[in-house]
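Enquirer: Following this message is one structure expressed as structure tokens.
The numbers here are math on the coordinates, done by the rules we state, and not lab data. Everything numeric here is computed off the predicted structure, so don't read it as measured data. Neighbour counts run over all protein chains shown; Cβ positions are idealised from the backbone, glycine included.
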Amino acid sequence: MKFRYHFQKVVDLKSNEKTQAEWMLSTAIGKLQTEEEHLLQLLNDKKELIDVIQSATESTASVSSLQEMQRYVHHLDECISRKSSDVRHAEVNVQRNQTFLNGKMMDEKVWLGARDKAKIKFQQEMLLREQNDLDEMATVRFAAKAGRAN
């Protein structure tokens, strides 16, 4: 007789939920990395522009071009501020998905543990049945031999 767990569909469901939570976390981490890379690019662009402005002030650059570059620096500051906010939101989303995944992993672990306990109990019962069958066969043989001896 083969072991069949009555709640196997629940175990499968919990496993699927954990897999979905892993995908959600993976997606959230990917989004966070993208936001961080974009923020880093904005910071690099700002640094390069400031270097250009500093070298332009040492040369004979026009006031209007310096003002234009300064407006662009201000624009980059606003973009950096918004992107920093996006990064924080992405970090919160990663944390939320990590917590969700941890919960799903615990659910799955509980159900797998219950299934394992049920399997061990089933195996013990099967061993006991086999032992009882062997004991019964030995008793029948003994009784048959004892009957022939008389």
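Enquirer: Would you mind stating whether Glu108 is of a type in the set (D, E, K, R) and free of Cβ contacts under 8 Å to residues at least 40 places away in the same chain?
Expert: The answer is no for Glu108.
Enquirer: Residues being among the aliphatic types (A, V, I, L, M) and either loosely packed, with under 10 Cβ neighbours inside 10 Å or farther than 18 Å from Met1 by Cβ (or both): count how many of those fall in region 125-142.
Expert: Looking only at that region, the number is 3.
Enquirer: Restricting attention to region 57-85, which residues are touching a Leu at 6+ places or on another chain (Cβ under 8 Å) and either touching a residue at least 40 places away in the same chain (Cβ under 8 Å) or over 23 Å from Lys31 (Cβ atoms) (or both)?
Expert: Thr57, Met69, Tyr72, Val73, Ile80, Lys83, Ser84
Enquirer: Test Phe122 against the criterion of being farther than 25 Å from His6 by Cα, aromatic (Phe, Trp, Tyr) and in a helix (DSSP H, G or I), and give yes or no.
Expert: Here the answer is no, as Phe122 does not meet what is asked.
Enquirer: Quick one: which residue in Asn102, Asn97 is at negative phi, crowded, with 17+ Cβ neighbours inside 10 Å and either in a helix (DSSP H, G or I) or under 18 Å from the mean Cα position of the chain (by Cα) (or both)?
Expert: Asn97
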